[in-house]
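Okay, so here's the structure we're looking at.
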Protein chains: 2
Amino acid sequence: MLHVAEAARVSVATVSALINGTATVSPELSQRIEQAIRDIGYKRNAIARSLKMGTTRTIGLTVPHITNPFFTDVVSVIQQAFDRAGYAVMLCCTDEDLNTQDDQIRLLLDRMVDGLIVARVGDGAILKGIVDGANVPVVLLDRVCEGVDTDTVVLDNQRAVFDAITYLIHLGHRRIGYITGTSDISPMHDRMAGYRQALHAAGLPVAEELVRSGNFHEIDGYNATMQLLSSHDRPSAIFSANNPMVIGTMKAIRDIGLSCPQDISVACFDDFPWSDVFQPQLTTVAQPVQAIGEQAANLLLDRLAGNRDAPPRKLVLKGRLMIRNSCRPLGSMVQSVSA
Amino acid sequence: MLHVAEAARVSVATVSALINGTATVSPELSQRIEQAIRDIGYKRNAIARSLKMGTTRTIGLTVPHITNPFFTDVVSVIQQAFDRAGYAVMLCCTDEDLNTQDDQIRLLLDRMVDGLIVARVGDGAILKGIVDGANVPVVLLDRVCEGVDTDTVVLDNQRAVFDAITYLIHLGHRRIGYITGTSDISPMHDRMAGYRQALHAAGLPVAEELVRSGNFHEIDGYNATMQLLSSHDRPSAIFSANNPMVIGTMKAIRDIGLSCPQDISVACFDDFPWSDVFQPQLTTVAQPVQAIGEQAANLLLDRLAGNRDAPPRKLVLKGRLMIRNSCRPLGSMVQSVSA
DNA sequence: AACGCTAATCTAAACGTTTCGATCATGTCA
DNA sequence: TGACATGATCGAAACGTTTAGATTAGCGTT
């Protein structure tokens, strides 16, 4: 900016005033400054501005796995929303690891991001510190956080799984395998609660041997399904609480020589864009990812726009059971058709 | 840092020297400084450091659609590689729009990213400007760029499609529909060249009515397939050059009342993790996304480590034809089995 | 002519770090 | 004892912007 000021024979304050529109600059000087900017090809330095202003117009976004289609879509929606608002998005993937997450959040704060959207891992101690210290606004995504009083966008996971398991029970299934994630996070807790609640409402016992867990990867679903299917009294249906793992579930079923839904029904949490066109067409719980992403972005943009003192908001969205043909009724040899 | 210096009764230069290890500091003063850092809870300001040093330990990464499974996986690999190296990753999605890309690249340069990995849109003029001006190192991903002499990681798209179309011809297909992307990018050109080359090598004409294009979204594949299948002399196989569009292709086939592969064979570019377990099991061209992501990250990390003067490197990786059961031989009523 | 007001413009501090070069204390050698 | 070298430490400039407050010119009114 100094070169521009020299070339236009004004002070840097005048150049800054013109660029930012923070004070009147005479038409004559305006013209000279704009000409100098063009001649020199001047570009503002966002780093210097950030140092002075204390803001970066950058937000940090952390998700466990961006290859999980749910998070892929949510990241895409959030990135587009912030792009429209002129913000850069720093993306971090935690792989459900607490240390990785905490390091990444420190790295984001280190770079003075203006806000955070976090699908947290672990107890959220680091987030509590940020929120309590009023460092930057935080929006929690997908997972609530006990003791952290901040804006939150989640799904009614319990209700969503309740509906799905109830559907399976309605089809006649009584032994329903359940594959959960190992991470101690609220969606897994709530989904498990929905599973138990549906069984309890139907007067069915919760058989612990039907519940397996994995670390959210395809291979974990595979192994958990192998365990479930190798028991002598195997389930007639399997519900996977996470969509990378359901792919492993399907591979295990194939490798054992069973087929879905003839030999075993499968349902899972989170939809796929191809679920209604490839066989078997998975019965899934679909999350409104467009709404989740947009709401999360809007909550944070609202805070960034200055609305810091409003009480924290918690949006709880609803899942939608997509009934397709991967679950068949028991006690009937007729294959089910798509709803 | 000033508070730390005051508390330890040293100068800020001494504190900086201790933190950065750039000069010897006596054990006595070291102890006082470390104690002051703990007491105050001092955190370094990366913005101030960036202003002084001219680096940010941040890279910019632009891809067209992060919801395209190919880019999802590549982004994941790149993000993890840079996370291990202590870099933040700013993610931008261009939606194959030149203006969006150019704005985003300006925003990234504005924030003084140390390097760029770009799956470019358009003619790459902005990238040529950056590379020629030696602003920051640039790695081109997935798409070459005429006239831009910089590190590049691409696939041998032409060969990959050649192999896939040749496979279809070997199965007896003579009228092979082809769905390309509208964007003027090298992978689409090269894939089209592979399509033409395979037909030519088999002595088959390239029928322009069999080639349709779309803007990389599922609905575009749907519409293109509807057009292909509504002609009186419709193709017996369809190859989609982009995996979101193949989902649309499958939906169009279903909606028309046809089935794959009985009535029409389908193959596509880019694999899915679920392709070998849901029916029909898509015959696909798989890209080595782990290698692509790692190589792109390594090329840029190498530049960032100081190796600025080495001549630009171009890595051309190979696709792999995953023969599954979505393509059946013509002139035979026996359904094909997985290879 | 004098005074008051306002618009335009500028100076310089500030944001928080890094580090160059100056200074001082200490030790060694002739 | 004096000269010289070296280690430790510090002051202050620099990175590039923003803006508070000071200054000046011009205009209108009395």
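The values are calculated or read from the model by the stated rules, or taken from the named source; none is laboratory data. It should be emphasised that the depicted structure is a prediction, and the values quoted were computed from it without experimental measurement. Please note: Cβ atoms are built from the backbone with ideal geometry, for glycine as well, and neighbour counts cover all protein chains shown. In case anyone asks, the SASA skips ligands and DNA or RNA and just uses the protein heavy atoms, side chains included. Shrake-Rupley method; radii C 1.70, N 1.55, O 1.52, S 1.80 Å.
Here are a few things to note about the model shown:
- The A and B chains share an interface that buries close to 4000 Å² of accessible area, total over both sides, probe 1.4 Å.
- By the helix-only formula, in which each DSSP H run with n ≥ 4 contributes -39500 (n - 2.57) and the sum is divided by residues, the protein assembly as shown has a 222 nm mean residue ellipticity of -13500 deg cm²/dmol.
- Kirkwood hydrodynamic radius of region B:229-323, Cα pairs, Å: 15.9 Å
- Relative to the compact-globule estimate of 2.2 N^0.38 Å, the Cα radius of gyration of the protein assembly as shown comes out at 1.07.
- Values of log10 I(q)/I(0), in the order q = 0.15, 0.29 Å⁻¹, for region B:262-311 under a Debye, Cα-only, solvent-free model: -0.58, -1.06
- Reachable lysines from B:Lys128, criterion Cα separation under 18 angstrom, eight or more residues apart if same chain: A:Lys43, B:Lys314
- Once C-alpha pairs closer than 8 Å and six or more residues apart are averaged by separation and normalised to the residue number of chain B, the relative contact order reads 16 percent.
- Rounded to the nearest 20 debye, dipole of chain B from Cβ charges on Lys, Arg, Asp, Glu: 580 debye
- Max mean-square fluctuation residue, GNM over chain A, Cα-Cα springs under 10 Å, options A:Ala17, A:Ala160, A:Ala46: A:Ala17
- Per residue of peptide B:87-97, the mean number of Cβ atoms on other chains within 10 Å of the residue Cβ is 5.
- Based on the reciprocal of the average 1/r between different C-alpha atoms, the Kirkwood radius for chain B equals 22.6 Å.
- The fraction of all Cα pairs in region A:2-44 landing in successive 5 Å bins from 0 to the largest distance is 5, 28, 40, 23, 4, given as whole percents.
- Remark: region B:211-339 carries a charge dipole of roughly 260 debye about the Cα centre, counting +1 on each Lys and Arg Cβ and -1 on each Asp and Glu Cβ.
- Radius of gyration and maximum dimension Dmax of region B:157-287, Cα, Å: 13.1, 35
- Most to least accessible of B:Arg49, B:Arg84, A:Arg303 (protein chains only, probe 1.4 Å): B:Arg84, B:Arg49, A:Arg303
- Other residues with beta-carbon under 12 Å from the beta-carbon of B:Gln101 carry, at +1 per Lys or Arg and -1 per Asp or Glu, a net charge of -4.
- Rounded Å value of the spacing that divides the Cα centres of region B:1-65 and region B:169-210: 58 Å
- Beta bridges from DSSP with both residues in region A:195-320: antiparallel share about 10 percent, rounded to the nearest 5.
- Gyration tensor (alpha-carbon) shape descriptor, region B:78-117, a/c threshold 1.5: oblate
- Rounded accessible area per residue of region A:2-44, 1.4 Å, Å²: 67 Å²
- Just so you know, the Rg over Rh for region B:1-98 is 1.21, from Cα atoms, with Rh as the Kirkwood radius.
- Inter-chain Cβ neighbour average for residues A:46-57, partner chain, 10 Å: 5
- For region B:272-315, a reduction of at least 40 Å² in accessible area between the chain on its own and the assembled protein chains (probe 1.4 Å) is found at B:Pro273, B:Trp274, B:Asp276, B:Val277, B:Phe278, B:Gln279.
- For chain A, built as a Gaussian network whose Cα springs stay under 10 Å, the top-fluctuating residue of A:Asp233, A:Asp149, A:Asp123: A:Asp233
- Near the amide H of B:Gly319, within less than 5 Å, lie the amide hydrogens of B:Asp156, B:Ala160, all on another chain or at least 5 residues away, with H placed in the peptide plane.
- Accessible surface of the protein assembly as shown, 1.4 Å probe, proportion on carbon and sulfur as whole %: 51 percent
- Per residue accessible area in Å² of region B:153-302, where ligands, DNA and RNA are left out and the probe is 1.4 Å: 34 Å²
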